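**Q** Please read through the structure below; I'll follow up with questions.
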Amino acid sequence: MYVERPATPDLTRRVACEWVRTSSAAATTLVVPDGCIDLIWGPEGLFVAGPDTGPMPASVGAGDALAGIRFRPGAAGGFFGVPLHELRDQRVALADLPGILDPGILDPGILDLDLDLGTGADRGDVHGDVRGDVHGDVKARLAAMRAAVRRRLVAGADAPDPAAPAVAAGLRAGRSIAQVASDLGFSERHLHRRCVAAFGYAPKTVQRVLRFQHALRLARAGVPLAEVAVTAGYADQAHLAHDVRRLSGGPIRRLLSPARAA
């Protein structure tokens, strides 16, 4: 089961949502690109996911529970202490990020809580029944991550590129890369550098991922696919189908459930 809820009001400018995934049986699903970066607490501890450029397999075991905080596209800034392109298509343990546990980023105490909640030898006791205490554990994990994220964002040292929302809005609206660069007073080369720094992607990939997500939202709302293609900015329905397969590994109809795997 996968459930999302909105970020708390003080975090909504940077955080898209919080989410929880619990599993009663072992399963593998494909995560599709959305331009976001997630801080995730799973059975093996804390790690960072994304940004992805294609479908990524995500496996869970029976009784596993994951909790996540999802940063909006372009909104992570320097939160993770590394250039975002180094996280592209990666799943990286939090402890492997060189700057993330420095003072003012994430309090090392969050890792103590990680141990307390059973990511070591007693993990089976914690994750053995998704209907039991695991729900309390997941809530505790979300609360700990939320507090850590809040502390870091309040400090302000990791501020995102102020141009990122305008870049995303322009590309999502179907404007060309040249048009978006001109609107912002940038050269295309400068826009490229800003996009890689802010999103972890080059502008063309940002455009493709945001257009794909726009199409997915329309399709999930019941809009006919021919209309989805036109509204989302594709040349035609064949272009839509090609891009969806490239980014998700299958046809769009396979993605019409609103859930997103962790």
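Derivation of every value follows stated rules applied to the coordinates shown; laboratory data play no part. Quantities reported herein were computed from a predicted structural model and do not represent experimental measurements. Quick reminder, even Gly has a Cβ in these numbers, built from the backbone with ideal geometry, and neighbours come from all protein chains shown.
**Q** Hey, how many Å between the Cα centroid of segment 179-231 and the Cα centroid of segment 42-80?
**A** 21 Å
**Q** Tell me, what is the FRET efficiency for A26 and E188 to the nearest 0.05, using R0 = 51 angstrom and their Cβ-Cβ distance as r?
**A** My answer for the efficiency is 0.65.
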